[in-house]
Amino acid sequence: MELSANAKINLTLDILRKREDGYHDLQMVMQSVTLADALTVAPAREAEGQAVSDLHFLPTGGKNLVQIAAAAFRQATGLGGEVDVSIQKHVPVCAGLAGGSADAAAVLTAMNRLAGAGLSPAELAKIGERVGSDVPFCVLGGTALAEGRGEVLTPLSPLPPCHIVVCKPPFSISTPQLFGRVNVRKIVRRPDTAGVIAALDAGDLAGVARRMYNVFEDVLEPRRASEISEIKAALIDCGALGASMSGSGPSVFGLFDDSDSAQAACDRLRETYRDVFLCGPAGAE
């Protein structure tokens with residue numbers, strides 16, 4: 001079975017409080033995009049399923065997130081066997097785009113079909129909670145408000161048609177370190193989450209774009225923050241209606257209502273960066 005695994009961007013990312021269990025309560029508007037990995041899922045040829053990709057450094061056995069997802073499906077349903085998964089990576093890793101979570105979500109969908117389990121997307125998303133915080137959203141896709149650790153999802157009006165330019169600079173950012181730097185009581189700048197939701201309801205792309213923000217941007221190391229700001233400025237200079245960092249970074253994206261401006265932004269950023277993508281919004285499953 002062949003599937004696409006769509007990446008996501010965060011139109012907003014806010015941290016509300018630190019919980020007693022050590023996690024943080026988040027409030028995020030998340031959006032699937034057409035940038036996607038390509039997966040092939042088939043019954044395993046050996047006793048233990050394997051995960052093979054075109055990136056040599058990714059684990060191949062049970063430690064790969066797709067095999068963790070497959071095991072979670074079998075444990076939850078008692079259905080399905082071991083599977084081999086082949087992944088053609090297009091979504092950069094460690095990028096704040098949920099590439100690994102999207103692959104895991106795609107495997108849950110594939111196993112549901114292969115096993116004839118007949119689970120709803122919501123039931124698959126529930127299984128996905130065992131695998132990772134972004135997996136439930138990646139199962140459902142589209143546009144959603146994500147709360148809790150990211151697993152409490154409320155579907156939202158879709159992002160209006162637009163062009164999305166995504167740029168990943170050549171470094172990674174530690175998510176645990178970023179959370180460690182956050183003092184919720186000292187957060188000054190926050191996204192206008194309610195305003196973004198209202199703009200989505202109104203089909204107002206510019207209204208969404210000017211209200212986007214990611215509170216992680218304020219706790220980046222200075223040299224990383226500077227580069228993120230430079231990419232955002234380049235996107236705005238090329239005509240983006242708004243730009244923001246996705247997830248815990250370092251990927252930055254801009255929303256465009258004009259294809260020529262979006263292409264010009266891609267061309268400009270590709271003079272400096274390798275991982276630059278032109279994509280669009282993707283709908284819910």
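Determine the principal axes of the Cα atoms in the chain, then give the extent along each, sorted from largest to smallest and rounded to whole angstroms.
So the three principal-axis extents are 53, 44, 37 Å.
Take the Cα gyration tensor of the stretch 163-279, multiply each eigenvalue by 5, square-root it, and list the three semi-axes largest first, rounded to whole angstrom.
23, 20, 10
Quick one: compute the contact order of the chain, relative version, from alpha carbon pairs under 8 angstrom and 6+ residues apart, as a percent. All intermediate terms of the calculation are to be shown ahead of the outcome.
Details: 655 pairs, mean separation 65.9, N = 285.
For the chain, the relative contact order is 23 percent.
Nearest 5 percent is fine: what portion of the DSSP beta bridges confined to the chain is antiparallel?
Antiparallel: roughly 90 percent of the beta bridges in the chain.
With no solvent and one point per C-alpha, what does the Debye sum give as log10 I(q)/I(0) for the stretch 89-137 at q = 0.22, 0.29 Å⁻¹?
Here log10 of I(q) over I(0) equals -0.74, -1.05.
Just for the stretch 2-155, what percent of DSSP beta bridges are antiparallel, to the closest 5?
90 percent
Lys186: which lysines have alpha carbons under 18 Å from its alpha carbon, excluding same-chain residues fewer than 8 sequence positions away?
Cross-link targets: Lys18.
Å³ per residue of the Cα convex hull, for the stretch 2-155?
Hull volume normalised by residue count: 110 Å³.
Cα to Cα, under 18 Å, and not fewer than 8 places away if on the same chain: which lysines meet these conditions relative to Lys168?
By straight Cα distance, Lys168 reaches Lys8, Lys89, Lys232.
Between the stretch 168-188 and the stretch 205-250, what is the separation of their alpha carbon centroids in Å?
14 Å
If the stretch 164-233 were replaced by its equivalent ellipsoid, with semi-axes equal to the square roots of 5 times the Cα gyration tensor eigenvalues, what would those be, largest first, whole Å?
Each semi-axis is √(5λ); the values are 25, 17, 10 Å.
Given a 10 angstrom Cα cut-off, can you work out which residue in Asp103, Asp258, Asp192 is the most mobile in a GNM of the chain?
So, out of Asp103, Asp258, Asp192, the one fluctuating most is Asp258.
Does the stretch 223-285 come out rounded, prolate or oblate, given a ≥ b ≥ c as the square roots of the eigenvalues of its C-alpha gyration tensor, rounded meaning a/c under 1.5 and, failing that, prolate meaning a/b above b/c?
oblate
Over the stretch 163-279, what relative contact order in percent results from Cα pairs under 8 Å that are six or more residues apart?
It comes to 40 percent, rounded to a whole number.
The numbers here are math on the coordinates, done by the rules we state, and not lab data. What you are looking at is a predicted structure, and each value in this text was computed from that prediction instead of being measured.
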